[in-house]
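So the structure is just underneath, and the comments pick up after that.
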Amino acid sequence: MSNLVPSIDRYILRLTVVPMLGVFALAASLLMLDKMLRLFDFVAVEGGPVAVVFKMLGALIPEYASLAIPLGLLLGVLLAFRKLATTSELDTMRAVGLSYNRLLRMPYLITLLLLAVNVALVFYIQPISRYYYEQMEYELRSGALGASIKVGEFTTLADRMALRIEASEDEGRRLVGIFARVANAKGQVLSISAREGAFLATRDNPDTIILRLTEGTIVQDTGSKTPRVLSFSRHDLPIDLPAIEKFRARGDATREYILPELLRIGWSEKSAPKQRDASLASFNFRLVEIVMMMLMPLLAVALAIPPKRSTSALGVFVSIVMVVAYHKVNQYGEDVAALGRLDPILALWVPFVLFAALIVWMYYRVAYVPGGQAIGALETAFAKLSKQVVKLFTRRRPRGTLAQPELVAAE
């Protein structure tokens with residue numbers, strides 16, 4: 001390995017991979033943490049099991065990974081070259097004849113590898129996982145994932161039973177303080193109270209479950225003045241589960257189509273115009289986001305080199321703003337193209353060409369213009385602003401006060 005890969009490439013690889021993995025993990029974690037809090041609230045409201053939250057988060061990992069990979073690549077290369085620049089190692093490498101193009105050999109190998117991973121995520125894995133997420137959300141709302149009856153509230157079942165449970169123990173296996181009010185086909189009403197109970201499944205009829213009650217009382221309202229009262233040590237109460245409709249087929253949303261389906265719908269004359277526009281917009285959006293990864297190393301190098309005798313980190317901030325802003329422009333272009341108001345080539349590829357031209361110009365300024373800076377004007381303005389902020393918070397001596405005399409030792 002050491003003979004095949006030069007030491008300078010191994011060094012740049014080490015400098016790039018460590019921050020890249022750190023940024024990737026941090027970005028994905030922040031995105032998932034925000035979503036996890038929302039999912040916990042959603043599952044708690046729907047009364048579903050906690051394990052569903054982690055399954056739904058797992059289905060969102062490909063979507064978040066496709067966003068975090070380009071950002072991790074950009075910041076990994078940027079932080080690597082910034083370290084080389086601030087420690088004067090970059091000047092030494094340039095002095096011995098190593099150009100920026102030569103130094104970018106290893107970052108571009110990493111880019112090609114991540115590009116292949118992102119193609120698999122965006123065109124194949126992410127559409128399937130997104131459909132799986134939507135399916136779990138639907139089943140959770142409909143109760144197919146084992147949504148529990150909310151403790152302390154009345155729950156209506158099959159439009160003929162009202163059920164209330166005071167407490168649930170042992171993960172729902174033991175129910176305490178049960179009250180049920182049941183109306184039969186003859187119009188008679190049963191009021192049932194029990195100390196304990198448990199739900200049991202039936203093999204013969206999966207659409208019916210048994211609520212086994214222990215130590216309770218049944219009060220039957222027969223319409224007469226005196227209701228019938230019956231005490232029991234154990235009583236089985238059948239409950240008909242509500243009918244749950246099957247989830248829709250995959251493809252209701254364009255983002256659920258994989259690459260062959262996008263091409264088949266987008267290039268078929270038999271497809272509806274709205275469906276064809278949405279398919280072409282989604283295909284071009286995914287493609288332009290992937291192709292842009294090839295320009296990330298150039299943008300990273302252009303923003304990584306601070307001015308001489310400066311350790312400014314403005315380039316890191318500018319890089320994040322540029323990438324996020326470009327992603328939002330692409331999302332807007334996809335929405336407009338999906339509505340048929342603008343051709344996908346104009347909505348998505350024109351911004352790509354403009355952004356790519358800007359990146360190439362910035363890289364040319366750094367790599368081929370002596371002393372050139374891609375964001376020199378911003379660096380100068382940022383330096384002046386920083387000095388003004390420092391002066392603002394620096395304590396000044398009030399005017400009119402005399403300096404304290406220093407003590408001088410007598411000889």
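The values are calculated or read from the model by the stated rules, or taken from the named source; none is laboratory data. Just so it is clear, the model here is predicted, and its values are computed rather than measured. Glycine gets a Cβ as well: all are built from the backbone with ideal geometry, and neighbour counts include every protein chain shown. Keep in mind that these areas ignore ligands, DNA and RNA; they rest on the heavy atoms of the full protein, side chains included. Shrake-Rupley method; radii C 1.70, N 1.55, O 1.52, S 1.80 Å.
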From the options 21, 33, residue that is out of contact with any Asp or Glu (no Cβ under 9 Å at 6 or more places or on another chain), more than 29 Å from residue 138 (Cα to Cα) and open to solvent by 20 Å² or more (accessible area, probe 1.4 Å): 21
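Can you go through 21, 4, 114, 30 and tell me which one is touching a residue at least 60 places away in the same chain (Cβ under 8 Å) and at negative phi?
Testing whether each residue is touching a residue at least 60 places away in the same chain (Cβ under 8 Å) and at negative phi leaves just 114.
Does residue 353 fit the bill of being modelled with pLDDT of 75 or more, open to solvent by 80 Å² or more (accessible area, probe 1.4 Å) and closer than 30 Å to residue 287 by Cα?
Against the criterion (modelled with pLDDT of 75 or more, open to solvent by 80 Å² or more (accessible area, probe 1.4 Å) and closer than 30 Å to residue 287 by Cα), residue 353 qualifies.
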Cβ pairs under 6 Å, 6+ apart, first in the stretch 290-307 and under 25 Å from residue 88 (Cβ atoms), second not in a helix (DSSP H, G or I): 297/104; 302/374; 306/312
Output for the stretch 83-105, where each listed residue is open to solvent by less than 60 Å² (accessible area, probe 1.4 Å), under 20 Å from residue 5 (Cα atoms) and touching a residue at least 40 places away in the same chain (Cβ under 8 Å): 84, 90, 93, 98, 99, 100, 103, 104
Positions within the stretch 190-216 being out of contact with any Leu (no Cβ under 7 Å at 6 or more places or on another chain), part of a strand (DSSP E or B) and open to solvent by 40 Å² or more (accessible area, probe 1.4 Å), in sequence order: 190, 193, 195, 200, 201, 214, 215
Any chance residue 129 is in contact (Cβ under 8 Å) with a residue 24 or more places away in the chain, out of contact with any Gly (no Cβ under 6 Å at 6 or more places or on another chain), open to solvent by less than 20 Å² (accessible area, probe 1.4 Å) and among the hydroxyl-bearing types (Ser, Thr, Tyr): yes
Residue tally, condition open to solvent by 60 Å² or more (accessible area, probe 1.4 Å), more than 14 Å from residue 73 (Cβ to Cβ) and at pLDDT 90 or above, over the stretch 317-328: 3
Residues within the stretch 65-82 that are open to solvent by 20 Å² or more (accessible area, probe 1.4 Å) and more than 17 Å from residue 120 (Cα to Cα), tallied: 3
Matching option when the condition is in a helix (DSSP H, G or I), within 28 Å of residue 364 (Cβ to Cβ) and in contact (Cβ under 8 Å) with a residue 24 or more places away in the chain, among 60, 73: 73
Single match in 265, 320 (criterion: in contact with a Ser or Thr (Cβ under 9 Å, 6 or more places away or on another chain) and β-branched (Val, Ile, Thr)): 265
Members of the stretch 333-346 found to be under 25 Å from the mean Cα position of the chain (by Cα) and either open to solvent by less than 70 Å² (accessible area, probe 1.4 Å) or more than 16 Å from residue 254 (Cβ to Cβ) (or both), listed by number: 333, 334, 336, 337, 338
Positions within the stretch 356-369 being in a helix (DSSP H, G or I), surrounded by fewer than 16 Cβ atoms within 10 Å (Cβ to Cβ) and free of Cβ contacts under 8 Å to residues at least 60 places away in the same chain, in sequence order: 357, 361, 364, 368
One residue from 299, 280, 314 being open to solvent by 30 Å² or more (accessible area, probe 1.4 Å), in contact with a helix residue (DSSP H, G or I) (Cβ under 9 Å, 6 or more places away or on another chain) and not β-branched (Val, Ile, Thr): 280
For residue 98: the one exception among (1) under 26 Å from residue 372 (Cβ atoms); (2) part of a helix (DSSP H, G or I): (2)
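Residue-wise test of (1) modelled with pLDDT under 80; (2) crowded, with 18+ Cβ neighbours inside 10 Å.
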{"residue": "117", "(1), (2)": "no, no"}
{"residue": "157", "(1), (2)": "yes, no"}
{"residue": "162", "(1), (2)": "no, no"}
{"residue": "165", "(1), (2)": "no, yes"}
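Looking only at the stretch 252-271, which residues are among the aliphatic types (A, V, I, L, M) and either open to solvent by 50 Å² or more (accessible area, probe 1.4 Å) or not in a loop (DSSP other than H, G, I, E, B) (or both)?
If the condition is that a residue be among the aliphatic types (A, V, I, L, M) and either open to solvent by 50 Å² or more (accessible area, probe 1.4 Å) or not in a loop (DSSP other than H, G, I, E, B) (or both), then 259, 262, 263, 265 are the ones that fit.
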